[in-house]
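Data block below; observations after.
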Amino acid sequence: MLDASLSAQLQQLYRDLPVTIVIRQRPSDHPKQDELTTMLADIAATAPEKIVHRVEGEGAAIPSFEVAVEGRSATILFKGIPGGHEFSSLVLAVLNSAGLGKKPDEGLQGRIRRLKGPVRLRTFVSLSCHNCPEVVQALNQMALIHPDFVHEMVDGGLAESEVEKLGIQGVPTVVSTIHENAQVSVGRAGLVELIDALEERYGAEASEAARDLPAREPYDVVVVGGGPAGASAAIYSVRKGLRTALVAKNVGGQVLETVGIDNLIGTTHTEGKKLAADILAHVRSYPVEILDNRRVEAIENGELRTVRLAGGEVLQAKSLIVATGAQWRELNVAGEKEYIGRGVAFCPHCDGPFYKDKRVVVVGGGNSGIEAAIDLAGICGSVTVVEFMNELKADKVLVDNLKKLPNTEIVLHHRTAEIVGDGSRVTGIKVVDRGTDAEKTIPVDGIFIQIGLVPNSGLVKGLVDVNRFGEIVVDDKCRTSTKGIYAAGDVTTTPYKQIVISMGEGAKAALAAFEDRIHAA
């Protein structure tokens, strides 16, 4: 039952629907069928002249429905009750089906249309997963753009037998039904990563679209990366009167994967997604040209800095600020990549519920690892922390809290040698004592890797100096070894990878670029 406030918001959202939307629910004897019926009827009641709810068609074992314009075949399907984080996916499915709401720009739409069809996808989600809606909503948008594309959201909590049969142990998991339920994507992914994955799986038609892309005059500044450092650099650049573009997979960067933030000065508490939305709104309040959902393929240096994007777009700028951040570091051991999504995970908040009452290992004894272990201890049967060093590196308060928990164990001075599985899922982790070389296998059902971040500096290796960790070497004004190229945030040698520090470093990079520009004039 929708509360009065939410119902009023939906009435406002749906009042200008230009077409009639049909929500077609399949009959079912499932105990939760009435719950779904009530939800869909309440949504239809917010715009009774524009949204029609019907129960018809073949029966279904699990509550299921589809959303489509009246008279058209449905390309957006739901199997389960999209509550929790997925309620927004249902709300947007209605809005987007009517042709409203934010759409991918023409460059991205062209890449989507060129996918070789038919495309048939299912995304298995958990209603508690905060990363799942981004994937579901992106694929729903693609289903509305491509001429032969159908996407179905599946609630793994109701489709347990399918989850078990497919060996799914992480969400969101996207599978292709045309390719015998082969996994297309596992874990958090934005629109550009999903397009990349689908081009690899399905292929894409040859394109001459690059010649039709808009011609862009060189910018004063191009910022690559949309996290706190990149957003700050873009804002400070445009405030100096410089024509500025911000290129990113998504604005927010690693912040989107952060749950609680309590150390951003001036903000007692916020959530990662909320902060990312605030950052995007702040950037949009200035005349920054935002090119999001983009993947940079190459960066070249010359009289102007050149940034080449997937799909054929080319940007040029007098100054380039690299703020590409970092990504989760992998173990790079046998079995790791093979079992991602089938026992190997990186996000305890999203994937933890799959391991209820089961045995898990957390690899990494820093703050992120110990926080993950504490969270998982409330769900899992047992949690073992494996740390490479002789002691845990996390803050003492976290270590003390972990040691109070009865179902946790700590294994120090051990390196991970291999992740073991039976071909369908993880069964254990092989670790080696660094002092004695003694080897043992810990039987587990899941492994959460929490060993820090690796800088995303690959695009500029060879153009600028990097250290042995791959961090871009910068001076105290964020200048790199190459004139005209600056860098800021977690991708650099600047110590302490913190949001507040990245914001300051982005501002410094922009101010340094402006300073160098006026001195060269």
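The values are calculated or read from the model by the stated rules, or taken from the named source; none is laboratory data. Quick caveat, the model's predicted, so the values are computed rather than measured. Please note: Cβ atoms are built from the backbone with ideal geometry, for glycine as well, and neighbour counts cover all protein chains shown. Heavy atoms of the whole protein, side chains included, go into the accessibility calculation; ligands, DNA and RNA do not. Shrake-Rupley method; radii C 1.70, N 1.55, O 1.52, S 1.80 Å.
With viscosity 1.567 mPa s and temperature 4 °C, the Kirkwood radius over alpha carbon pairs of the stretch 12-88 converts through Stokes-Einstein to a diffusion coefficient of 101 µm²/s.
The solvent-accessible area of His349, taken with every protein chain present and a 1.4 Å probe, is close to 80 Å². Counting Lys and Arg as +1 and Asp and Glu as -1 over every other residue whose Cβ lies under 13 Å from the Cβ of Arg359, the net charge comes to 0. How charged is the neighbourhood of Gly83? Take every other residue with its Cβ under 15 Å from the Cβ of Gly83, and add Lys/Arg as +1 and Asp/Glu as -1. Net of charged neighbours comes to -4. Dipole magnitude for the stretch 66-201: computed about the Cα centre from +1 point charges on Lys and Arg Cβ and -1 point charges on Asp and Glu Cβ, it is near 300 debye. Taking only protein heavy atoms and a 1.4 Å probe, the accessible area of the chain is 50% carbon and sulfur.
With the convex hull of its Cα atoms as the shape, the stretch 399-501 has an orientation-averaged projected area of 10.8 nm².
At full extension, Val473 and Glu338 could sit 45.2 nm farther apart than now, given 0.36 nm per residue minus the alpha carbon distance. Under 22 Å of direct C-alpha separation, and excluding same-chain neighbours fewer than eight residues apart, Lys483 reaches these lysines: Lys240, Lys318, Lys461, Lys508.
Given a 1.4 Å probe and the protein chains as shown, Arg113 ends up with an accessible area of around 110 Å². Residues of the stretch 1-28 with amide nitrogen under 17 Å from the 7 Å Cα-to-Cβ point of Glu49? Under 17 Å, as judged by backbone N against the label point of Glu49, lie 11-22 of the stretch 1-28.
With R₀ fixed at 30 Å, the C-beta to C-beta distance from Glu409 to Asp262 puts the FRET efficiency at about 0.60. Available extension along the chain between Arg216 and Glu180 is 8.6 nm, counting 0.36 nm per residue and deducting the alpha carbon span. Compared with the direct C-alpha span, the chain from Asp34 to Glu164 gains 44.2 nm at full extension, assuming 0.36 nm per residue. Between Ala520 and Gln109, the modelled labels are 3.8 nm apart [label points 7 Å from Cα along Cα→Cβ]. Loop-resident GluC sites (Glu not before Pro) (DSSP state other than H, G, I, E or B) in the stretch 157-205 with no more than 16 further Cβ atoms inside 10 Å of their Cβ: Glu180, Glu205. For the set Lys403/Lys440; Lys477/Lys497; Lys32/Lys273, the pairs lying more than 20 angstrom apart at their alpha carbons are Lys403/Lys440; Lys32/Lys273. Of all DSSP beta bridges confined to the chain, the antiparallel ones make up roughly 50%. Rounded to the nearest whole angstrom, the semi-axes of the ellipsoid equivalent to the stretch 227-378, taken from the Cα gyration tensor as √(5λ), stand at 35, 21, 12, largest first. Under the combined filter of DSSP loop state and at most 16 neighbouring Cβ atoms within 10 Å, the stretch 360-422 retains these GluC sites (Glu not before Pro): Glu391. Annotation: Cα Rg of the chain relative to the compact-globule expectation 2.2 N^0.38 Å equals 1.03.
Put the Cα centre of the stretch 332-362 next to the Cα centre of the stretch 38-99 and the gap is 33 Å.
The overall shape of the stretch 20-61 is oblate: from the C-alpha gyration tensor, with semi-axes ordered a ≥ b ≥ c, the ratio a/c is 1.5 or greater and a/b is no larger than b/c. 3J(HN,Hα) couplings calculated from phi for the stretch 390-403 with the Karplus curve 6.51 cos²θ - 1.76 cosθ + 1.60 (θ = phi - 60°) are, in sequence order, 7, 8, 6, 8, 6, 4, 4, 5, 5, 4, 4, 5, 5, 5 Hz; Gly and Pro show x. Between Asn301 and Glu205, the C-beta separation translates, for a Förster distance of 41 Å, into a calculated FRET efficiency of about 0.80.
The Cβ shell under 14 Å around Phe346 holds other residues with a net charge of -2, Lys and Arg each +1, Asp and Glu each -1. Spin-label pair Arg72-Ala8: with each label point 7 Å from Cα along the Cα-Cβ axis, the two points sit 3.2 nm from one another.
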